[in-house]
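Structure record follows, encoded as structure tokens.
The values are calculated or read from the model by the stated rules, or taken from the named source; none is laboratory data. The shown structure was predicted, so the numbers you read here are calculated from the model rather than taken from an experiment. Using ideal geometry, Cβ is built from the backbone for each residue, glycine included, and neighbour counts are taken over all protein chains shown. Areas reflect the complete protein model, heavy atoms only, side chains present, ligands, DNA and RNA absent. Shrake-Rupley method; radii C 1.70, N 1.55, O 1.52, S 1.80 Å.
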Amino acid sequence: MEKKILVTRLYPRAGIRLLEKENFHLTLWKNERPMTSMELIESAIQHHALLCTLTDRIDQHFLTQCRHLEIISQFAVGYDNIDVAAATSLGIPVGFTPDAMSEATADIAFGLMIAVARKMFFLHKTIINGQWGHFKPTGNLGCELKNKTLGIFGLGRIGVKMALRCKHAYDMNIIYHNRNRNRAAEKLLDAVHVDYEDLLAQSDVLSVHCALTAETRERFNRSAFKRMKPSAIFINTARGPVHHEKDLTLAIQTGDIWGAGLDVTNPEPMQPDNPLLFMENVCVLPHVGSGTKEARDQMSVMAAMNIIEFYRNGRVPHMVNPEVLKS
Ligand code: DGY
């Protein structure tokens, strides 16, 4: 096929091989860093399709310059870097890669929960700093998770996997808050839908698994943290801007909540002198939720197949704005 595809990052070969087999003309960005907005526009102008990810700004300005694009295929489940409304009004289909990273991301949420409960990252640092000292009968105490209440904000594919881990490992009670009830998950997990207030008030561990939207942006702010238990652990593996980071810092410093596990920060990357990195009850990772070979390979295959199927059969198997192809 003569179609020219711009591939904006060094994606796993599994998906790239599929595109190569179709004889597309591929332009592969070979640098580790993402393209600047200008580089992205200048290059995309010369292509028919885009394989991009969350580090690429596909905003109104980009789309106005690149309105000729036939498809945008996002290598991620989240797509808050894309102005989907603008793409839709220009008739550009947007693909994404749901579920490919659900197990991987749930592992990170679950791991962070345990790491925070037992202060693992902090204690690791004490050894590096030569502070192991003696066994302390009343020191370095964490908390146990057995039979505690897990609150999920956004019980979708990843939230369900996190809840399953918590239920099987610790027999945790599952409550959740969604705009729409997830009845299949309620059955699977004995999960109870609660309003936002109850989610804040009842969760021992509150784990965020929602998309970043105008409605969820900085939803976890000073006022929300104040309504949580002082013993609560806050986990965010979804998108950093769902929490207000200074408010989170203050909430832990003042004891409004007990600790936090973050795979996403607000902003990213987190600066190395961020006070959260020096707190006992905080564990931070550099946005690696989907970072397993299996998940990333699968994401690259799904992102490639969205493009291949579009050009072969006029359909995009995993699509953010299906209305574009219906009209
Ligand atoms: C996603 O898929 O949205 C993750 O944040 C990156 O893989």
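Miscellaneous remarks
- Selected from T53, T292, T149 as most flexible by GNM, with the chain as the system and alpha-carbon contacts under 10 Å: T292
- The chain: most fluctuating residue of H177, H124, H134 per GNM, C-alpha cutoff 10 Å: H134
- Share of carbon and sulfur in the accessible heavy-atom surface of region 215-327 [1.4 Å probe, %]: 54
- Accessible surface of region 6-154 [probe 1.4 Å, protein heavy atoms]: carbon and sulfur percent: 56
- Residue by residue, region 182-190 carries 3J(HN,Hα) couplings of 10, 6, 4, 5, 4, 5, 4, 10, 6 Hz when phi is fed to the Karplus relation 6.51 cos²θ - 1.76 cosθ + 1.60 (θ = phi - 60°); x denotes Gly or Pro.
- All Cα-Cα separations within the chain were binned at 20 Å from zero, giving a P(r) of 30, 52, 17, 1, each value a whole percent of the pairs.
- Local electrostatic count at A251 - Lys and Arg +1, Asp and Glu -1, tallied over other residues with Cβ under 10 Å: +1
- Signed unit charges on C-beta, dipole axis of the chain, positive-most listed residue H134, L250, M228: H134
- Centroid-to-centroid, using Cα positions, region 1-68 and region 131-148 are 49 Å apart.
- Whole-Hz couplings from phi, Karplus 6.51/-1.76/1.60, listed for region 139-149; x for Gly and Pro: x, 6, 7, x, 9, 8, 10, 3, 6, 6, 9
- Dividing the summed -39500 (n - 2.57) terms of all DSSP H runs of n ≥ 4 by the residue count of the chain sets its mean residue ellipticity at 222 nm at -10500 deg cm²/dmol.
- Among I252, I71, I127, residue whose mean-square fluctuation peaks in a GNM of the chain (springs only between Cα atoms under 10 Å): I127
- Eligible lysines near K119 by straight Cα distance, threshold 27 Å, same-chain separation 8 or greater: K136, K146, K148, K161, K167, K226, K229, K246
- In the chain the longest region clear of chymotrypsin sites (Phe, Trp or Tyr not before Pro) that are loop-assigned by DSSP and have at most 10 other C-beta atoms within 10 Å covers 136-327.
- Once the convex hull of all Cα atoms in region 63-213 is built, its volume per residue stands at 161 Å³.
- Excluding ligands, DNA and RNA, the accessible surface per residue across the chain is 48 Å² with a 1.4 Å probe.
- Scaled radius of gyration (Cα, divided by 2.2 N^0.38 Å) that region 151-276 gives: 1.01
- Accessible area (Å², 1.4 Å probe, nearest 10) - R296: 80
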